[in-house]
1. With the cut-off at 21 Å, tell me which of the pairs Lys95/Lys160; Lys22/Lys174; Lys14/Lys177; Lys160/Lys571 have Cα atoms farther apart than that.
2. Put +1 on the Cβ of each Lys and Arg and -1 on the Cβ of each Asp and Glu in the stretch 412-466; which of Ser431, Met451, Ile415 then has its Cα farthest toward the positive end of the dipole?
3. What is the spin-label model distance, in nm, from Val396 to Ile519 if the labels are put 7 Å beyond Cα along the C-beta direction?
4. Longest segment of the chain with no chymotrypsin sites (Phe, Trp or Tyr not before Pro) in a DSSP loop having at most 11 other Cβ atoms within 10 Å?
5. Helix 176-199 sits at what angle to the longest principal axis of the chain, using alpha carbons and giving 0 to 90 degrees rounded to 10?
6. May I ask you to compute the full-extension gain from Ser210 to Lys441, defined as 0.36 nm times their residue separation minus their alpha-carbon distance, rounded to one decimal in nm?
7. Work out how much length Arg27 to Leu265 would gain on full extension: take 0.36 nm times their residue separation and subtract the Cα-Cα distance, in nm to one decimal.
8. Can you sort His547, His59 by 1.4 Å-probe accessible area, starting with the largest?
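The values are calculated or read from the model by the stated rules, or taken from the named source; none is laboratory data. This is a predicted model, so every value here is computed, not measured. Note: ideal-geometry Cβ built from the backbone for every residue, glycine included; neighbour counts use all protein chains shown. For accessibility, only protein heavy atoms count, side chains too; no ligands or nucleic acids. Shrake-Rupley method; radii C 1.70, N 1.55, O 1.52, S 1.80 Å.
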Amino acid sequence: MEKPELVEGKVDWKGRAAVRYKHGGTRTALLILVLFGFENMATLALAVNLVTYFSGVMHLELADAANQLTNFLGASYILTILAAVLSDTCIGRFKSVLIAGCLEFAGFVALTIQAHSPRLKPPPCNVFDPASRCEKIGGGNAAALYVALYLVAAGSGGIKAALPSHGAEQFDEKDPKEARQMSSFFNCVLLAACVGGGVSLTLIVRIQDSKGWDWGFGISAIIISLAVIIFAAGLPMYRFQVIQGTSALIRIIQVYVVAIRNRNLHLPEDPIELYEIDKDTEAAVEAEFLPHTDVFRRLDKAAIQPTSTGQLHDSPEAPNPWKPCRVTHVENAKIILGMVPIFCCTIIMTLCLAQLQTFSIHQGLTMDTSLTKSFNIPTASLSIIPIAFIIIIIPVYDRIFVPFARKITGIPTGITHLQRVGVGLILSSISMAVAAILEVKRKGVAREHNMLDAIPVLQPLPISTFWLSFQYFIFGIADLFTYVGLLEFFYSEAPKGLKSISSCFLWSSMALGYFFSTILVKIVNGATKNVTRSGGWLAGNNINRNHLNLFYWLLSILSLINFIIYLFVAKRYKYRPQNLVDSNEKIKA
């Protein structure tokens, strides 16, 4: 009888060594993709239509509604850090996903109850009518709204933090076939998100606008509960990464602290004198080893041994676990530090995305949304255009472009992760420039027809809302390149014990992008308050009277500057060694 092939470093749900072809692989990855797609189906409608809920139902002003949405999205992504730390060090990724799913379900149920009950929201009122005096949500009702929203944010953040890494650990990076499958998995993560998002933008958004927000929130609650049940059913088939007793994040922090303590010491001339455990010892069986590199040499001071240079004196106190650090831990700290500039250069792209989810929606509300004489497309559903394109192009990219490029470059992913990110960054700048041009055209139509004070939705401008599809289309291509490239880049480069936290680099950059959007809107309004008649580029509820086109040009210029900086940063970045055992392998440039 043939002996089953075990997967090194992975176990099944009972803690036994995982068996290849029985645990993990594409079969279990499909269940994970189903949950990711369903979660996006439940939540994407919020990202594109919640600003309408804030303004039309809760009666917030345009800028306040946009800021509340970006705060909600930012919180959702920033909470991934907490979820990732818990999943990597305490409860594991599987349990993290289950808990997060339950939190998200509870949040949607609370939103459904509030949207259904007239006592929990302001009286109906047309906030776009200058003559109306609409009551804003406040007091206990506002508290109930934000508690429910941030339950959804916490749940969504938890799923985003743990699920991609849980999916990636279903594949063995050391097996060439499974390594290629893992690369395809990251492309399929975006595909699943787009398929789920497509349903959300067409079905759920239309239900929110026609049947009511209580119906929309209720269906989202049903969807997320069904997704969690399907995901949990795969428990016997999953591979699991063994939870380490100590946090790799703490080890990274330890390196920085010890390097600062030892800042006045001199490094040994030969790096072999730095501290590292013996590979032949029992403690080294499950340990990760990385070769020493010459970048960020100041961090090497964290690995100076007390006996290597004679500069550290023996102490009668108990050994301090915070010194010295292993060379491998120092190299991991170098990798994290090297990824920080890449991380910073991706924030501006989400800042641009935030405008497509807020101000572009308000642009669409003023335009003609009729698809036929009897059918109008919800403005929030315009995002289906780039999503539909991505759904078509991802299989082409993964099955045709990547194998073709792989033959030319010799790189398993066709082009490097950083090249892929760069393409997306320049496209985001182009998208904002197109948005600025189209906003000038939209306002020109309003001025020509004497409709600058027209009431949105009730008095649509004689220009089709599909003009906005150009900016959505270009940004959709940018999504395909940048966000998937970042997700795979951070996962591939992250240390072994920081795989969940690695995905948080992407989500955290998105969170900061949303938060900076809130800050930038306030700064721009404050700086232009006395310059424009509207009281600021983005002030008030009348988008026809403000200067959104100038704001889009500002974002386009900032994105272009950011791209130039990214080119410099990416050129200097050194990839981590792919073979962790062979210390003589050179770092790929």
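1. Pairs exceeding the cut-off: Lys14/Lys177; Lys160/Lys571.
2. With unit charges placed on the Cβ atoms, the residue in question is Ile415.
3. The modelled label-to-label distance comes out at 3.9 nm.
4. That would be 22-374.
5. 20 degrees
6. Length gained, Ser210 through Lys441: 80.2 nm.
7. Contour length minus the Cα-Cα distance gives 80.4 nm.
8. Accessible-area ranking of His547, His59, largest first: His547, His59.
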